[in-house]
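Inspection log for the structure reproduced underneath, given as structure tokens.
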Amino acid sequence: MSGILNFNVGVLGHVDSGKTSLAKALSTVASTACFDKNPQSKERGITIDLGFSSFVVDAPDHVKSSTIEKVQFTLVDCPGHASLIRTIIGGAQIIDAMILVIDITKGMQTQTAECLIIGEILCKTFLVVLNKVDMIPKEKQKNTIEKMTKRIHLTLQNTKFAGAKVVIVAAKPGGPEAADTESIGVKELMESMKDFVYIPERNIEGKLLFSVDHCFSIRGQGTVMTGTMLQGSVSINDNIEIPTLKVIKKVKSMQMFKKPVEKAVQGDRLGICVTQFDPKQLERGIVGSPEYIQIAFGTLALVEKINYYKLPVETKAKFHISIGHETVMAKVTFFGSEEVVSSENEFKFEQEYKHQSELIDLKKLDEDAEYKPVQQYALLEFEKPIHVIANSILIGSKLDMDVHTSMCRLAFKGKLLTTFNEKNYNETQLPKLKVFKNKSKEGIVERMSNDSEVIVRNLLKKDTNIQLFVGLKVKLSSGEEGMIDGSFGQSGKIKVRISNGLNENTQTVLKKISGGKKKGKGGQENESPQQEHTEAIKVVLNFKKYTFSTDKKMIQS
């Protein structure tokens, strides 16, 4: 809306660090400090417990213009850990800055570190608030503040938030039960927030995406959804889809700042009134342009390991995958490529990828490693279908770990490249995925039939379908190359044709081996003592096998 810039700030922090008290204090200070001339500040703030509150201040000089006179700060207060991930990822496109709230009496805790990681993934601008300073005895405050600030800067120095500002506050002196007294440091915090405001890039092109955080009916008018525009724009009479309900509704009216508007764009907070439906069916969620939000049974994503996660991130393990406003369990399969093959938004099915038993932390990759992936991917097979948007950000975590664990539970982050929209995608779409495993088999030359053919044992098992291997190349330890020609007898032995014939040395060795065999009891071949000193000639078969292929074909480069 003309005259007001909406700036969305994610408020993150450990449970009980005082995020909600801070949001309340900011809204209160904003109205009493005359930043906002409108006394209805509290009315206009969307209820705090829903995770959103807002206040309006005069625009600072560096963003003030003929079209921007005021800045509305919308605080996205993220309660509870699992919903923190959902809320923040869901709103990633419109979170313009973040405040990390730290309880000064406890310092950095596990969830604080997780909030920091989420901030790194999703946001550029960052501010730290050291809350509850009133809980430190007066004589120790200076020392504690210095020590804690130093520790925070140390933690941040290897992140993109190195040197971030630290503001000291007591949002609710005396704690939640204490009588209302004036908060400490909140005016200074507000000034710091005004300093970090910038004019965000808003993309009003493309499909509509609207994040709903509250839903209610107005008798005789329809159902109102309040929320934040994540992308695109919406106008009166547009059709919008509520994918979880599988319905398309027409926009009847819209309001921003309690005033009717004809149009809203990315980043705006607004209420959209549509034709009646039961609001209990949609408490929170995503709505968008018709057919834009897809149902996904599985996905392919470009991923990287979060280096704070200390356990291996293994193929076939199950992780909580948070995409948009949904978190669902999924089985993961990792694979990679030693060259850059995928763009940010597209997966290339024609390319070959190497299967990985686990996700590799590329920052810790050994210089001498045989395999050095540059890009790593995950196939995510969801336990239940979810609604997703193309190219969404995702986080894989172990939220079932003990909430009091001292370990980071966020394992990997990534970006969606392809979604599988059919239930039977593992039959229809997965076979196109060229993920290979390198295989190797070794056998021994038993004897030569002639100077260009040998009989090999122990390369394949007796019950193997040898026809699958006919035509594959093998290499002898004596240097010759050959090709599997077919089976020999019933015991799993095979004939190998030697492309350029056996060299003389090999023939001599093989004649010794053949000559050194004597028939024992029952016609069994026994090795004579002289043969034991003749080293056997090994035969090695190297090939690749596609993990998701429906046929059992072996591939050789």
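Computed quantities for the displayed model
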read-out	value
Verdict on Phe469 being closer than 30 Å to Tyr425 by Cβ and modelled with pLDDT of 90 or more	no
Top-ranked residue in segment 272-295 [being hydrophobic (A, V, I, L, M, F, W, C) and part of a loop (DSSP other than H, G, I, E, B); ranked as farthest from the chain's Cα centre (by Cα)]	Phe277
Top-ranked residue of segment 239-249 - restricted to ones that are part of a strand (DSSP E or B) and hydrophobic (A, V, I, L, M, F, W, C), ranked as nearest to Leu208 (Cα to Cα)	Ile240
Selection from segment 224-257 of residues that are under 25 Å from Pro385 (Cβ atoms) and touching a Cys at 6+ places or on another chain (Cβ under 8 Å)	Met225
Subset of segment 211-240 (residues that are in contact with a Leu (Cβ under 9 Å, 6 or more places away or on another chain), more than 11 Å from Pro279 (Cα to Cα) and modelled with pLDDT of 90 or more)	Gly232, Ser233, Val234, Asp238, Ile240
Wholly within segment 1-104, helices (runs of 4 or more DSSP H) carrying at least 3 residues that are open to solvent by less than 50 Å² (accessible area, probe 1.4 Å) and modelled with pLDDT of 55 or more	19-32, 81-90
In segment 244-269, the residues that are on the phi < 0 side of the Ramachandran plot and open to solvent by less than 10 Å² (accessible area, probe 1.4 Å)	Val251, Met254, Met256, Ala264
Selection within segment 451-487 - open to solvent by 70 Å² or more (accessible area, probe 1.4 Å), more than 15 Å from Ala536 (Cβ to Cβ) and not charged (D, E, K, R)	Asn465, Gln467, Leu468
Among (1) of a type outside the set (Lys, Arg); (2) touching a helix residue (DSSP H, G or I) at 6+ places or on another chain (Cβ under 9 Å); (3) open to solvent by 40 Å² or more (accessible area, probe 1.4 Å); (4) free of Cβ contacts under 8 Å to residues at least 40 places away in the same chain - the single one Met407 does not satisfy	(4)
Answer residue from segment 111-166, given it is polar (S, T, N, Q) and more than 28 Å from the chain's Cα centre (by Cα) and is most open to solvent (accessible area, probe 1.4 Å) among those	Asn143
Leading residue by the ranking (surrounded by the most Cβ atoms within 10 Å (Cβ to Cβ)) among those in segment 191-212 that are part of a helix (DSSP H, G or I) and of a type outside the set (Gly, Ala, Ser)	Met193
Neighbours by Cβ (under 9 Å, 6+ apart or cross-chain): first from segment 100-112, on the phi > 0 side of the Ramachandran plot; second modelled with pLDDT of 80 or more	Gly107/Met148; Gly107/Arg151; Gly107/Ile152
Every residue from segment 360-398 that is buried (at least 19 other Cβ atoms within 10 Å of the Cβ) and β-branched (Val, Ile, Thr)	Ile360, Ile386, Val388, Ile389, Ile393, Ile395
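Residue-by-condition table, conditions (1) under 26 Å from Lys545 (Cα atoms); (2) charged (D, E, K, R); (3) open to solvent by 50 Å² or more (accessible area, probe 1.4 Å):
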{"residue": "Thr299", "(1), (2), (3)": "yes, no, no"}
{"residue": "Lys310", "(1), (2), (3)": "no, yes, yes"}
{"residue": "Thr315", "(1), (2), (3)": "yes, no, no"}
{"residue": "Met329", "(1), (2), (3)": "no, no, no"}
{"residue": "Gly336", "(1), (2), (3)": "yes, no, no"}
{"residue": "Glu358", "(1), (2), (3)": "yes, yes, yes"}
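Residue-by-condition table, conditions (1) part of a strand (DSSP E or B); (2) among the hydroxyl-bearing types (Ser, Thr, Tyr):
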{"residue": "Thr226", "(1), (2)": "yes, yes"}
{"residue": "Asn237", "(1), (2)": "no, no"}
{"residue": "Val251", "(1), (2)": "yes, no"}
{"residue": "Met254", "(1), (2)": "yes, no"}
{"residue": "Gly267", "(1), (2)": "no, no"}
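The values are calculated or read from the model by the stated rules, or taken from the named source; none is laboratory data. Everything quoted here is computed from the prediction, not taken from an experiment. Cβ: placed from backbone, ideal geometry, glycine included. Neighbour counts: every protein chain shown. Quick note on the areas: whole protein, heavy atoms, side chains included, nothing else; ligands and nucleic acids left out. Shrake-Rupley method; radii C 1.70, N 1.55, O 1.52, S 1.80 Å.
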